[in-house]
Amino acid sequence: MGVEIEIKDLTKSFGKQVIWHDVTLTVPAGEICVMLGPSGTGKSVLLKTLIGLLKPDHGSIMIEGTDIASCPEKELYEIRKLFGVLFQDGAMFGSMNLYDNVAFPLREHTKKSESEIKKIVMEKMDLVGLLGTEDKLPGEISGGMRKRAGIARGLVLDPEIVLFDEPDSGLDPVRTSFLNQLIIDLNAQINATFLIVTHDVNTARKVPDNIGLLYHKHLAMFGPREMLLSSEEPVVRQFLNAQVVGPIGMSEEKDADELEAEKDMELPPLPPIPLQQEPSNGIPRASQRPPGEWCKLNGVTPPPGSFAKDMNMTIGA
Ligand SMILES: Nc1ncnc2c1ncn2[C@@H]1O[C@H](COP(=O)(O)OP(=O)(O)O)[C@@H](O)[C@H]1O
Ligand SMILES: [Mg+2]
């Protein structure tokens, strides 16, 4: 059913450089969250902190009653077994074929026999649509296939939490759509908690149940997809709509003069909220809410034209 991650007042710096401070959010069990942010805002650092590869300066990360920010190494080792991770480039061993790459965590962390391992590897390869490519080397396949193989490897230990670091980086828009569909289908099938780091606004608009935005060393906002997509908060609005007008400049923040010059510019209206992308494998996602539910419950009027079926067709569902 997936496991919740409760993050409180988390702060991380390297030497004098503060990466982000006082980050507080709860990643709900079984749901899909997307964490957005400009490059260099510490998204990868956040993922590494969540699996205990990096230690925060202070704050807590509670998973099933254990604070992984402060627990002993031995407990951390156990908790890590709950995680599957897709690193940014797939992180395949170049000299191993896909079969051995995917089998690696099973050989490393379990005492399963080779025939049991084979059953699991083939099942996960099938899940990500890579059956028949077991003998290929990572260098012989496309970037999109490498990411799929990375996902298969992340799933072999049946994780309760899956972290994806920019699964869409370096992929063309069509492959990104296919990969997003795979992520949604997997969530429906395995019901684990998914946290996806990306700077792809399209992915953020259509895929997740919740969106977070890291900006200028803090978590600018975190909440249900409909909340952020109907938000007028300047940073959220600018980033989620990929606009030039707003507080975010070429290199982080705009200065006072730049903002003054924009003062009287009229902002384009918020675009309609698209329907959330649905599973294609016929399995409903347990955490998917009806379109417009959050807006209705919170008395928020969504931008005109939101949740129209034909709109999704044109953007490419
Ligand atoms: N191990 C490290 N030691 C020192 N600085 C680091 C380390 N890892 C990341 N950083 C710094 O942290 C910042 C955020 O990096 P990163 O999390 O990779 O950004 P993002 O994934 O959002 O693009 C960068 O300025 C980077 O140089
Ligand atoms: Mg990164």
Note on the chain: helices (DSSP H) long enough, at least 24 Å by alpha carbon along their axis, and hydrophobic enough, mean Kyte-Doolittle at least -0.5, are 173-190
DSSP beta bridge pairing in the chain, given as percent antiparallel to the nearest 5: 55
Go through 226-235, 290-299 and give me the packing order, highest mean Cβ count within 10 Å leading. 226-235, 290-299
Distance in nm between pseudo-label sites at S70 and T110 (7 Å out along the Cβ direction from Cα): 3.5
Identify all lysines with a Cα-Cα distance to K48 below 26 Å; exclude those on the same chain that are fewer than 8 residues away in sequence. K8, K12, K16, K74, K81, K124, K147, K206, K217
Rank-order 262-272, 135-145, 118-128 by packing density, defined as the average count of other C-beta atoms within 10 Å over each peptide's residues, highest first. 118-128, 135-145, 262-272
Projected label distance in nm at L267 and D22, using a 7 Å step from Cα toward the beta-carbon: 2.3
In nm, what is the difference between 0.36 nm times the number of residues separating F93 and E78 and their Cα-Cα distance? 3.0 nm
Taking one equal scatterer on every alpha-carbon of region 144-237, how large is log10 of I(q)/I(0) by Debye at q = 0.17 1/Å? -0.79
FRET efficiency, 1/(1 + (r/R0)^6) with R0 25 Å, evaluated for S13 and E258 via beta carbons: 0.35
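Every number here is computed from the coordinates shown, using simple stated rules; none is lab data. A quick note: this is a predicted structure, and the numbers were derived from the prediction, not measured. Cβ atoms come from the backbone with ideal geometry, glycine included; neighbour counts cover every protein chain shown.
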